[in-house]
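Asks: The structure follows.
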Amino acid sequence: MQASARKPGGDPRLLLAIVRIALLAAPLPAIGYLFLTVLGGAIPTAIAWSTKGLMDGIASGAAMAGIVRQASILALLGVASALTPRLARHYQSLTQRAARLWMRDRLFRALNDIRDISWFENPASMDRVQLALKASTTSPEVLLGACLSALQGILVAGGLLSSLWIISPVVFLLLAAASLPMLVSQLMLSREQTRLERDTVEASRREVFYRMLITSLDAIKETRIFGLGDFFRERMNRETFSIHVQEQRVEARQLRRQALLSMLSAAIVGTCVVWSAARAADGRLSIGDLSVFITATAGVQGAVLQVATAIGDGYKSLLAFDSFRMITVAMPSHTPAPAREIQRLAGAIEVKDLWFRYADDGDWILRGVDLTIPAGGSLALVGVNGAGKSTLVKLLCGLYQPTRGSILVGGRDIRTVPAGDYQLGVGAIFQDYMCYDLTVAENIGLGDLAGLEDRQAVRMAACQAGADGFLDALPDGYDTMLSRIFFAGDAAGGRSRGVHLSGGQWQRLAVARGLMKRRSHLMILDEPSSGLDAEAEAELHNQMLRDSAGMTRLLISHRLGTVKDADTIAVLEDGRITALGDHRTLMAAGGTYHRLFTVQAAGYADAAI
């Protein structure tokens with residue numbers, strides 16, 4: 001999904017796209033909304049001519065039946081004028097809600113479909129996501145509303161101006177001339193505001209970031225201990241002020257321009273009113289014609305303002321909607337994909353001449369890595385921080401695409417398999433695990449959605465992770481809510497707060513979640529027990545090795561005593577494999593592994609004295 005070179009907000013086809021979305025999301029309400037919009041645009045002109053007929057009939061002494069007929073038509077138009085906006089708002093709300101849900105679902109389906117997480121690590125992508133999120137919330141209301149509001153304004157203005165043309169082409173030309181500068185001015189303002197929003201989106205994202213740091217439970221410990229609250233508040237205010245300054249400049253230009261145009265427009269309208277009143281006074285215009293003039297003069301100004309405002313609101317919203325379209329363009333249809341058989345892989349894992357860097361001009365993180373993990377075997381990956389271990393793990397998980405080289409499973413390049421299918425066969429237990437604000441059972445069951453409701457499987461995974469003891473002691477057992485921001489639910493005695501777990505308890509839940517995935521062709525154990533004490537770590541490590549028997553395993557740990565029993569140990573240094581063998585072979589060869597293991601063993605020996 002590459003960024004388009006065109007300027008956001010400049011493609012009129014986007015207007016058709018939002019209308020299409022409305023018709024897809026809520027066809028009947030959208031059609032009703034469109035019909036009532038058109039009807040509302042035709043009514044003012046009909047009222048103007050009905051009023052003219054009634055006035056001229058009274059002035060000319062027409063028969064009572066004709067006057068009553070004209071009055072009845074005018075009354076019916078009045079009723080329609082009162083009901084149409086209310087019905088239109090009802091259908092507008094139905095359409096907008098459905099379109100908002102449709103767009104939000106499409107956006108997050110598209111984001112979920114992006115498997116290469118490097119896309120999310122690009123600041124430009126995050127700016128685009130923020131605009132797309134805004135579009136999914138506001139575009140159905142702002143952009144769709146602006147489209148139909150502009151259409152209605154055009155119908156009103158067109159009908160009334162046509163009426164003036166029939167009566168006096170001179171007045172028509174004067175009012176048309178007064179309307180054009182206002183439209184041009186609004187377009188200029190919209191372009192400026194669109195450019196402003198595009199230029200300030202990064203500052204807005206930083207403002208949200210600092211705001212979250214002040215209020216986030218994850219950050220609040222450090223912000224309090226290190227006294228960072230005011231520091232982040234000042235940075236947040238700095239970003240807010242920078243946005244405010246730019247907004248103020250645009251508003252100042254708008255005020256000067258609109259003031260001049262308003263005076264010009266008022267002068268032209270006033271001239272038209274005086275001219276038509278004088279013509280009516282000397283008998284060259286009828287009373288009905290005068291009523292059309294007054295109605296049309298006021299109505300055209302209001303309609304032009306409505307069109308100008310709609311154009312402005314819509315043009316600004318196009319920037320966000322353009323980002324939405326750019327992200328979701330890979331999903332042209334919201335129809336679910338037909339069911340198909342998942343492609344499962346099996347066999348040895350081969351890493352062949354693997355190179356990787358995060359940017360085309362960046363440093364190489366991996367430099368020609370070659371590895372083989374036999375099916376059902378275990379390989380331990382060791383190395384100092386920054387050696388490239390985490391990057392290699394992410395590549396094996398299918399989260400990045402290799403810059404060069406390949407990863408094969410059973411002889412098949414994983415890039416030839418849909419990313420979602422491949423990742424269903426990868427199990428992982430990471431040291432940087434997630435703590436979900438969900439129940440215990442859900443926190444574990446998320447490791448295998450197919451078994452989310454299988455309480456027996458959830459309990460088995462918890463038991464294997466050594467978590468069953470403290471989980472059974474929780475107030476509601478496996479139904480206990482683990483959250484500091486949500487209540488556990490409405491009970492007879494009121495809502496109860498969620499339960500807090502210790503870091504070690506959360507880590508065991510994360511291990512249980514990883515163990516739920518029993519059909520994996522690859523199990524990655526990335527420092528899964530780093531937060532536990534040495535005895536608990538050894539016990540848990542041995543338990544995981546037993547429970548993952550038969551799977552192909554990749555072990556990563558800085559505590560080398562936990563990986564020394566792996567079939568093969570690979571030493572990764574500066575993006576290259578520098579040593580390969582079992583524990584005995586690598587200790588005999590000396591080198592980095594021997595040095596790291598010896599240092600750690602000496603540290604444990606000193607601690608035991």
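Please treat every number below as a calculation from the coordinates, not as lab data. Fair warning: this is a prediction, and the values are worked out from it, not measured in the lab. When we count neighbours, we look across all protein chains shown, and the Cβ atoms used for this are built from the backbone with ideal geometry, even at glycine.
Asks: If I model a spin label at residue 248 and residue 519 as a point 7 Å from the Cα along the Cα→Cβ vector, what separation in nanometres do I get?
Replies: Modelled inter-label distance: 6.2 nm.
Asks: Just going by the charge dipole of the stretch 13-328, with Lys and Arg at +1 and Asp and Glu at -1 on Cβ, which of 168, 182, 314 is farthest out on the positive end?
Replies: Highest projection toward the positive end goes to 314.
Asks: Quick one: of 134/389; 389/517; 134/352, which pairs are farther than 31 Å apart, Cα to Cα?
Replies: 134/389; 134/352
Asks: Between residue 208 and residue 453, how high is the FRET efficiency from 1/(1 + (r/R0)^6) when r is the Cβ-Cβ distance and R₀ = 35 Å? Nearest 0.05.
Replies: Result of the calculation: an efficiency of 0.45.
Asks: Using modelled amide H (1.01 Å from N, peptide plane; none on Pro or chain starts), what sits under 5 Å from the amide H of residue 499, excluding residues fewer than 5 places away?
Replies: 481, 482, 483
Asks: Sum -39500 (n - 2.57) across every DSSP H segment of at least 4 residues in the chain, then divide by the residue count to get the 222 nm mean residue ellipticity, nearest 500.
Replies: After summing the helix terms and dividing by the residues of the chain, the value is -21500 deg cm²/dmol.
Asks: Further question on the same structure: Whose amide H sits under 5 Å from the amide H of residue 380, counting only residues 5 or more places off or on another chain, with H placed in the peptide plane?
Replies: Residues meeting the amide H criterion: 555, 568, 569, 570.
Asks: I would also like to ask the following. Given Cα pairs under 8 Å that are at least 6 residues apart, what percent is the relative contact order of the stretch 345-420?
Replies: Relative contact order of the stretch 345-420: 42 percent.
Asks: Kindly provide log₁₀ I(q)/I(0) values, in the same order as q = 0.09, 0.10, 0.11, 0.14 Å⁻¹, from the Debye equation applied to equal alpha-carbon scatterers of the stretch 13-328.
Replies: Relative scattering, expressed as log10 I(q)/I(0), comes to -0.64, -0.75, -0.85, -1.13.
Asks: With angles folded into 0 to 90 degrees, how steeply does helix 169-215 sit against the dominant principal axis of the chain? Use alpha carbons for both and round to 10.
Replies: Between helix and principal axis, roughly 20 degrees.
Asks: Using the reciprocal of the averaged 1/r over all distinct C-alpha pairs, how large is the Kirkwood radius of the chain in Å? Display every interim value, and only then the final one.
Replies: Values: mean 1/r = 0.0330 Å⁻¹.
Hydrodynamic radius (Kirkwood, Cα only) of the chain equals 30.3 Å.
Asks: Quickly work out the residue 115-to-residue 584 label distance, labels modelled 7 Å from Cα along the C-beta direction, and quote it in nm with one decimal.
Replies: Label-label distance for residue 584 and residue 115, simple model: 4.1 nm.
Asks: List residues of the stretch 279-311, by number, whose backbone nitrogen lies under 20 Å from a label position 7 Å along Cα→C-beta of residue 177.
Replies: So the set is 279, 293-294, 296-302, 304-305.
Asks: Give me the angle, in degrees from 0 to 90, between the Cα long axis of helix 13-25 and the longest principal axis of the Cα atoms of the chain, rounded to the nearest 10.
Replies: Around 80 degrees separate the two axes.
Asks: Another one. Taking the 0 to 90 degree range and rounding to the nearest ten, how far is the long axis of helix 64-113 tilted relative to the main principal axis of the chain, both from C-alpha atoms?
Replies: 10 degrees
Asks: A follow-up question, please. Give me the extension gain from residue 71 to residue 436: residue separation times 0.36 nm, minus the current Cα-Cα distance, reported in nm with one decimal.
Replies: The residue 71-residue 436 span can extend by a further 124.7 nm.
Asks: Within 11 Å, Cβ to Cβ, of residue 398, how many net charges do the neighbouring residues add up to if Lys/Arg are +1 and Asp/Glu are -1?
Replies: +1
Asks: Also, quick follow-up: Loop-only chymotrypsin sites (Phe, Trp or Tyr not before Pro) in the stretch 174-250, please: DSSP not H, G, I, E or B, and at most 16 other Cβ atoms within 10 Å.
Replies: Qualifying residues, ordered by number: 226.
Asks: So, R0 is 35 Å and r is the distance between the beta-carbons of residue 108 and residue 256; what FRET efficiency does that work out to, to 0.05? Mind showing how you got there, number by number?
Replies: Values: r = 43 Å, r/R0 = 1.23.
Approximately 0.25, to the nearest 0.05.
Asks: Let me ask something additional. At R0 = 41 Å, how high is the FRET efficiency between residue 226 and residue 600 if r is their beta carbon distance? Nearest 0.05 is fine.
Replies: That gives a FRET efficiency of 0.85.
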